[in-house]
Structures are given as C-alpha cells and as structure tokens.
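The values are calculated or read from the model by the stated rules, or taken from the named source; none is laboratory data. Computed from a prediction, not measured in an experiment: that's the story for all the values here. Cβ placement follows ideal geometry from the backbone for every residue including glycine, while neighbour counts extend to all protein chains displayed. Accessible surface is based on the protein model in full, side chains and every heavy atom, while ligands, DNA and RNA are left aside. Shrake-Rupley method; radii C 1.70, N 1.55, O 1.52, S 1.80 Å.
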Amino acid sequence: MNNQVLDNMKARRSCRAFSSQMPERALLEKICEAGTWAPTGHGKQSPLIVAITNKSLRDRLSAMNARIWNELTIARGGVAHEGIDPFYGAPVVLLVLADRSVPTYLYDGCAVLTNMANAAEAVGLASCWIHRAKQEFDSEEGKQILKELEIEGDYEGIDHLVVGYPSKPIPSPLPRKTNYIRWAE
C-alpha cells in the first residue's frame, strides 16, 4: 500500500547544510500548524512553538547553543569547536517550549518537534532537530530572551527544529537495524 505520510516519514533526513534563502511564510505556517496537531497528554497542549525568522535572534540563540555545546564537549574530555553554528546555517529556528506544570510536557514537546520535522519534509523543506534548548532557557540569558518575547510562565526549552532549503544533497538513510522491532505474541 502506498501512503504519502509514511513515504514522507521514510524520506525525512536531518539536514546539516542549509542555504540562507528564507522559506516562504506559508510553508512555515504549515509546519507550525502540524506541530499544533501533535498528541499531548490529556489534551493539555503544554507546548509553545516560537517561530524565529529574525536573523539577530537566530544568531543569538546559535551563539548560546554553541557555547553550551562546547562546554558539554569539554566536560566530556573533547575539544571545543570554535566558530561552529549548531543551526547549520538554517535561516529559521522553530523553538519548542513546554509548560513544566503539565506532567507530560517533555513528551508533548517531542511529539510537536516530530510532527514539524515530518511536515517540513512534506512541504519540501529540510530540517534538523537541535538539542540544548533546556540549557539555553534555564540560563539567565535564555530567561531574558523569553521576557523580551513576552513569554510568561514556567516553560522549559524542549528543543529546536531548524528549517530551510538544503545547500547540498542530504545523505541517504542508513539501513534499519535488523532487531528494531520485536513482537510479543
């Protein structure tokens, strides 16, 4: 059976090289709308999607994320990556926050990110899920950004989905591991 939704899920890959071309707003709206239809615990809809197309704010978040990435890398005995853009040049950052007072907030936020990644594929855009939003928005600088955006409440940064047009071909998927599914019959 051919199914476009399943085909999009199989085709979706993480893009790590984006062009600077800004996607059309209508496409970004479709991606964000898909996020709003993600399942959430008890229908509480704890997540909040912040669609960032402002280059200055995008670059500010990228710098914060890079600092955190390097701190974590050094703490694990690795070497810092100077000048790295953890958003891979993507012009759009879809930040997902979620209300910590809802017991399922973390899972809800992850479902939103997954829906948006699949929607990006469906509308012809590339995406990549980027971590470290929790550390960003638990920091004083992150709290200041939320204040500047007039976002009030006890929100945790779940993660980011960077979106745009790829600047080079996206690699083919790896084969699925043989023991991925186990049946308990």
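Name the one entry in G109, G124 that is in contact (Cβ under 8 Å) with a residue 40 or more places away in the chain and on the phi > 0 side of the Ramachandran plot. Can you show your working first?
Details: G109 fails: on the phi > 0 side of the Ramachandran plot.
Matching residue, one of G109, G124: G124.
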Practice task
Quick one: which residue in N70, N54 is more than 16 Å from the chain's Cα centre (by Cα) and under 15 Å from V93 (Cα atoms)?
Solution key: N54
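If the requirement is being more than 16 Å from the chain's Cα centre (by Cα) and open to solvent by less than 60 Å² (accessible area, probe 1.4 Å), which of these qualifies: N65, N8? Quick ask: steps written out before the conclusion?
Working: N65 fails: more than 16 Å from the chain's Cα centre (by Cα).
Result of the check over N65, N8: N8.
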Problem - Scan of segment 116-154 for residues that are in contact with a Lys or Arg (Cβ under 7 Å, 6 or more places away or on another chain) and not hydrophobic (A, V, I, L, M, F, W, C), ordered by number - result: N118, E121, D154
Practice task
Please indicate, with yes or no, whether at least one residue in segment 131-145 is open to solvent by 50 Å² or more (accessible area, probe 1.4 Å), under 18 Å from F18 (Cβ atoms) and touching an Asp or Glu at 6+ places or on another chain (Cβ under 9 Å).
Solution key: yes
Practice task
Please specify each residue of segment 137-151 satisfying the condition of being closer than 20 Å to L106 by Cβ and not in a helix (DSSP H, G or I).
Solution key: S139, I151
Completion exercise
When every residue in segment 42-58 that is open to solvent by less than 60 Å² (accessible area, probe 1.4 Å) and in a helix (DSSP H, G or I) is compared, the one farthest from Q135 (Cα to Cα) is G43
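Residue by residue, here is whether (1) outside any loop (DSSP other than H, G, I, E, B); (2) at pLDDT 95 or above holds:
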| position | (1), (2) |
| --- | --- |
| E71 | yes, no |
| Y88 | no, yes |
| V93 | yes, yes |
| E121 | yes, yes |
| Q135 | yes, yes |
| D159 | yes, yes |
| V163 | yes, yes |
| S172 | no, no |
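Among the residues that make up segment 159-169, is at least one of them of a type in the set (S, T, N, Q), over 19 Å from R67 (Cβ atoms) and touching a residue at least 24 places away in the same chain (Cβ under 8 Å)? Quick ask: steps written out before the conclusion?
At the first step, the residues of segment 159-169 found to be of a type in the set (S, T, N, Q) are 167.
From what's left, over 19 Å from R67 (Cβ atoms): 167.
Among the residues that remain, those that are also touching a residue at least 24 places away in the same chain (Cβ under 8 Å) are: 167.
Yes: segment 159-169 contains one or more residues that are of a type in the set (S, T, N, Q), over 19 Å from R67 (Cβ atoms) and touching a residue at least 24 places away in the same chain (Cβ under 8 Å).
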Exercise for the section: Kindly indicate the residue of segment 95-119 that is among the hydroxyl-bearing types (S, T, Y) and assigned to a loop (DSSP other than H, G, I, E, B) and also nearest to D154 (Cα to Cα) among those meeting that condition. Expected result: S101
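Being part of a loop (DSSP other than H, G, I, E, B) and either hydroxyl-bearing (S, T, Y) or at pLDDT below 95 (or both) is the filter; apply it to segment 14-38 and report the residue that is farthest from K168 (Cα to Cα). Lay out the reasoning, then the answer.
First, pick out the residues of segment 14-38 that are part of a loop (DSSP other than H, G, I, E, B): 15-17, 19-24, 37-38.
Remaining after also requiring either hydroxyl-bearing (S, T, Y) or at pLDDT below 95 (or both): 19-20.
Details: S19: 8, S20: 12 Å.
Per the stated criteria, the residue is S20.
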Handout entry: Every residue from segment 13-25 that is over 16 Å from D85 (Cα atoms) and open to solvent by less than 60 Å² (accessible area, probe 1.4 Å)
Key = R13, P23
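Would you point out which residue out of L95, L113, L125 is open to solvent by less than 50 Å² (accessible area, probe 1.4 Å), under 25 Å from D7 (Cα atoms) and touching a His at 6+ places or on another chain (Cβ under 9 Å)? Steps first, answer last, please.
Values: L95 fails: under 25 Å from D7 (Cα atoms); L125 fails: touching a His at 6+ places or on another chain (Cβ under 9 Å).
The unique qualifying residue is L113.
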Practice task
Might you let me know whether segment 108-121 holds any residue that is over 23 Å from E148 (Cα atoms), β-branched (V, I, T) and in contact with a Pro (Cβ under 9 Å, 6 or more places away or on another chain)?
Solution key: yes
Fill in the blank from the handout: Exception for A80 within (1) open to solvent by less than 50 Å² (accessible area, probe 1.4 Å); (2) closer than 21 Å to N54 by Cα; (3) not aromatic (F, W, Y) falls at (2)
